[in-house]
Amino acid sequence: QVQLVESGGGLVQAGGSARLSCAASGRIFSINIMGWYRQAPGKQRDLVARISGGGITTYADPVKGRFTISRDNAKNTVYLQMNSLKPEDTAVYYCNREQDGMNYWGKGTLVTVSS
């Protein structure tokens, strides 16, 4: 099993910044992809960004140029730096880890962007 613990988030003003962190522990495999998804009220969970172990990144169109995903493999931690936040970025953000054909999820952290 893999455990994912998110931190960061909270209430941010529009135009501001926030940083999310997610630490993985447990049965860790070196070949993996880590990412962030988000789910706004009444909407489906969507990809925000993901990063491979080698640092290849993918971003959803709404966050390109504003969010940056990074990782520290030594710490099994992934980060999401969010800049120029908009009210429509308000959502619960979930950390995800893909390894060995399995998907693991964190419990989520709420990011609220006030206008």
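A few notes on this one:
Here's the yes/no breakdown for (1) assigned to a strand (DSSP E or B); (2) free of Cβ contacts under 8 Å to residues at least 40 places away in the same chain; (3) closer than 22 Å to Gln44 by Cα:
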| residue | (1), (2), (3) |
| --- | --- |
| Arg71 | yes, yes, no |
| Ala74 | no, yes, no |
| Val78 | yes, no, no |
| Asn96 | yes, no, yes |
| Tyr104 | yes, no, yes |
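- Hits in segment 58-68 - residues which are open to solvent by 40 Å² or more (accessible area, probe 1.4 Å) and in a helix (DSSP H, G or I): Asp61, Pro62
- Of the residues screened, Gly54 is one that is modelled with pLDDT under 95 and surrounded by fewer than 21 Cβ atoms within 10 Å (Cβ to Cβ).
- Matching residues, segment 11-44, being open to solvent by less than 100 Å² (accessible area, probe 1.4 Å) and outside any strand (DSSP E or B): Ala14, Gly15, Gly16, Ser17, Ile28, Phe29, Asn32, Ala40, Gly42
- For segment 69-97, the set of residues classified as under 25 Å from Phe29 (Cβ atoms) and surrounded by 16 or more Cβ atoms within 10 Å (Cβ to Cβ) consists of Ile69, Arg71, Asn76, Thr77, Val78, Tyr79, Leu80, Tyr93, Tyr94, Cys95, Asn96, Arg97, listed by residue number.
- Residue pairs meeting the criteria (Cβ under 8 Å; at least 6 apart or on separate chains; first more than 13 Å from Trp36 (Cα to Cα) and free of Cβ contacts under 8 Å to residues at least 24 places away in the same chain, in segment 7-24; second hydrophobic (A, V, I, L, M, F, W, C) and outside any strand (DSSP E or B)): none
The values are calculated or read from the model by the stated rules, or taken from the named source; none is laboratory data. Because the structure is predicted, anything quoted here is derived from the model rather than measured. Note that we place each Cβ from the backbone using ideal geometry, even for glycine, and neighbour counts take in every protein chain shown. Remember, those area values only see protein heavy atoms, side chains included, never the ligands or the DNA or RNA. Shrake-Rupley method; radii C 1.70, N 1.55, O 1.52, S 1.80 Å.
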